[in-house]
């Protein structure tokens, strides 16, 4: 029997999926607003706090900053965070080909690592994330105060 995701991911130190799950609406909001303003790009979440295996995602908060980087500026940014050249190429390819109405390219930086994800087959699309956040703005204001588009 396999343990629940939140148990094995926390135990082995892989917390990024839980972070994305917890902040999907604001990530989708940034992806959609960024796309509408600048075209294709990548959402970056820079997690300020150290994420420990004991974190309880249902009650603990994690400080992070979030921004959207347009495709034209992504290569320079990815090189600046010291991604390997083949990773830069893969991310740029994902940015060039993802479907903005259905997918999100996201980098999660934290605990000394850079985690790259192409989120597809989402239960809620980026436009729907944007609509939800705009409708429930007060709920998300603290997360959105650090967003740069």
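None of the figures in this text is laboratory data; all of them are computed from the coordinates on show. This one's a predicted model, so the numbers in the text were calculated from it and none came from an experiment. Using ideal geometry, Cβ is built from the backbone for each residue, glycine included, and neighbour counts are taken over all protein chains shown.
With the cut-off at 1.5 for a/c, could you classify the chain from its C-alpha gyration tensor as rounded, prolate or oblate? Here the chain falls in the oblate category.
Of 29, 14, 35, the sequence from fewest to most neighbouring Cβ atoms within 10 angstrom is 14, 35, 29. For 131, 139, the sequence from fewest to most other C-beta atoms within 10 Å is 139, 131. The relative contact order of the chain comes to 31 percent, based on Cα pairs under 8 Å that sit 6 or more residues apart. Counting every other Cβ atom within 10 Å of each residue's Cβ, 93, 125 order from fewest to most as 93, 125. Result for the chain in a Gaussian network model with C-alpha springs under 10 Å: among 39, 112, 28, the largest mean-square fluctuation is at 112.
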